[in-house]
Structure formats: C-alpha cells, structure tokens
Amino acid sequence: MSENTFMGVTREKIPWHPVIDYSKCNYCMECDKFCPHRVFERQEGDIKLIVKNPYNCVVFCRACGKCCEPDALSFPDKKEITKLIKEIRKEEGGK
C-alpha cells in the first residue's frame, strides 16, 4: 500500500488546502475547472462549491487561487506549514 506523503509526512497531517470565502465567491467555478486534483465539488442543486477532498490539494500549490478573480480562496501561511512539517518530521525521527 502506497502512503500519500509530502516531504516524508503523511499528507493528512498537513493542513494545506483552500478555504472558500463565500462572501467574495461569485460561483464562477473557475477554481474547480482549473484544479485537476478534484479538491472541489459542487453538490447537486446547490450553487456553492465546497472543498470536498482537502488532502488531494498539492501542498504549497495556490494555482486555483490565482485564477479566482474575486480572490475568494485563501490558504494557510506557508511559513507556518513549513514549520509544522519540520516539527512532525523531527517527532517522527525524520531529517
């Protein structure tokens, strides 16, 4: 079984994924059209897109946010996530 990791850390331990600000979102779906990793999903009968598969998001990728004209997507602080990854690796005996 192949484990999904990033820099030796289990992907599910890394809280990197977009957050949608619905007060800014215009529901154009450009982020969903752009992302090949199936992070987003639109549920039947609902105009809102949701982050359905957050751990499918590639760590440190922000490309969907760049195609979001109303700037409705935000991501965690990269420095904080890098720090967290280093801490996890240290705890788990990694380099």
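Using only Cα atoms, what is the ratio of the radius of gyration of the chain to 2.2 N^0.38 Å? Ratio of Cα Rg to 2.2 N^0.38 Å: 1.20. Shown in residue order for region 48-61 are the 3J(HN,Hα) couplings computed by the Karplus curve 6.51 cos²θ - 1.76 cosθ + 1.60 at θ = phi - 60°: 6, 8, 10, 8, 7, 10, x, 7, 7, 5, 6, 4, 6, 6 Hz (x for Gly and Pro).
Among 23, 57, 5, whose Cα sits farthest toward the positive end of the charge dipole of the chain (+1 at Cβ of Lys/Arg, -1 at Cβ of Asp/Glu, about the Cα centre)? Farthest towards the positive end: 5.
For the chain, a crude dipole built from +1 on the beta carbon of Lys and Arg and -1 on the beta carbon of Asp and Glu, taken about the Cα centre, is about 400 debye to the nearest 20. In the chain, the longest principal axis of the Cα atoms and the axis of helix 78-91 are about 30 degrees apart. The count of lysine pairs in the chain whose Cα atoms are under 16 Å apart, excluding pairs fewer than 8 places apart on the same chain, comes to 14.
All of the numbers you see were taken from the coordinates with simple rules; none came from a lab. Worth saying up front: this structure is predicted, and the values here are computed from it rather than measured. As a convention, Cβ positions derive from the backbone with ideal geometry for all residues, glycine included, and neighbour counts pool all protein chains shown.
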